[in-house]
Amino acid sequence: MVEIRIHGRGGQGNVLAAYLLATAAFLEGKYSQAFPSFGAERRGAPIAAFVRIESTPILRRSQVTAPRYLILQDHGLLRIAETVTGLVREGAILVNSPDSADTIRSRLGEEGFSIDPSVRIASIPATRLAMELMGRPIPNAPLLSAFLSLTGILSADSLVQALSGRFSGDVLQKNLSLVKAGGSLVEAGLWKETVNA
């Protein structure tokens, strides 16, 4: 089973990102779950969303406490210890940040957070892309596209189908541009071996 935890802030499309990922998995004939967890319901508050993807029925109903993957829609959340808590050995983190993966790893060390050296880190400037192509700071589409490109667990076409079921017109076209741009910023298949690790 692939377990993913998505961290972001209210208003960034965090919960929608989880639903889109689960829908894309469903469209490929897989079993999936997506659900959020948040405290104060206000824009800017930290939010976590959880996704599970499996080829057989999923019986687990708890929050994802030991994810293989973290997707961080706000790099500022790296200052909160709970953000990286539970990440499995040889897991991976995709961060919405203009900073390099090495800079992010160093920053985690400076904050006193210990992550296994086997954990992979990648980053893309998803908010900047969203502002350029959509005019709004909603980084979920490019992050999901980059995540799928890195892991290969689902096809970009399934994400496009999931978006097409949710949006139409100009909003859909802008999201499709973000999907194309996000996927092109990472090395395809770079984390493929971590899917079955």
C-alpha center-to-center spacing [the range 94-123, the range 44-74] in angstrom: 20 Å
Semi-axes, largest first, in whole Å: what does sqrt of 5 times each Cα gyration tensor eigenvalue give for the range 122-197? 22, 15, 8
Starting from the amide H of ILE47, placed 1.01 Å from N in the peptide plane, find each other amide H under 5 Å away whose residue is 5 or more places distant or on another chain. GLY8, ARG9, GLY10
For the chain, build the charge dipole from Cβ charges (+1 Lys, Arg; -1 Asp, Glu) around the Cα centre, then report which of VAL15, SER97, LEU87 sits farthest towards its positive end. VAL15
Residue of ALA18, ALA146, ALA162 that the Gaussian network model of the chain assigns the largest fluctuation, springs spanning Cα pairs under 10 Å: ALA162
Would you mind telling me which residue in ALA24, ALA126, ALA81 has the biggest mean-square fluctuation in a Gaussian network model of the chain, where springs connect alpha carbons within a distance under 10 angstrom? ALA81
I want to verify a result. In a Gaussian network model of the chain, Cα cutoff 10 Å, which of these has the top mean-square fluctuation: LEU144, LEU159, LEU108? LEU108
Residues with amide H under 5 Å of LEU185's amide H, sequence separation 5 or more or different chain, H placed in the peptide plane at 1.01 Å from N; which? none
Taking only DSSP H segments of four or more residues, each worth -39500 (n - 2.57), what value at 222 nm results for the chain once the sum is divided by all its residues, to the nearest 500 deg cm²/dmol? -11500 deg cm²/dmol
What's the FRET efficiency of ILE80 with ASP102 using the Cβ-Cβ distance as r and R₀ = 30 Å, to the nearest 0.05? 0.90
Charge dipole (debye, nearest 20) of the range 48-197; +1 at Cβ of Lys and Arg, -1 at Cβ of Asp and Glu: 360 debye
Could you check what % of the DSSP bridge pairs in the range 2-195 are antiparallel, to the nearest 5? 55 percent
Under 26 Å from LYS192, Cα to Cα: lysines that are on another chain or at least 8 residues apart: LYS30, LYS180
Counting other Cβ atoms within 10 Å, which GluC sites (Glu not before Pro) in the range 35-88 have at most 15 and lie in a DSSP loop? GLU41
I'd like the Kirkwood hydrodynamic radius of the chain, using the inverse of the mean 1/r over distinct C-alpha pairs, in Å. 16.5 Å
Please identify the trypsin sites (Lys or Arg not before Pro) of the range 1-87 that satisfy two criteria: DSSP loop assignment and at most 16 other Cβ atoms within 10 Å. Which are they? ARG42, ARG43, ARG60, ARG61
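Read the figures in this text as sums done on the coordinates, not as results from a lab. Here the structure is a predicted model, which is why all the values come from computation and not from measurement. Here the Cβ is made from the backbone with ideal geometry for all residues, glycine too, and neighbour counts use every protein chain on show.
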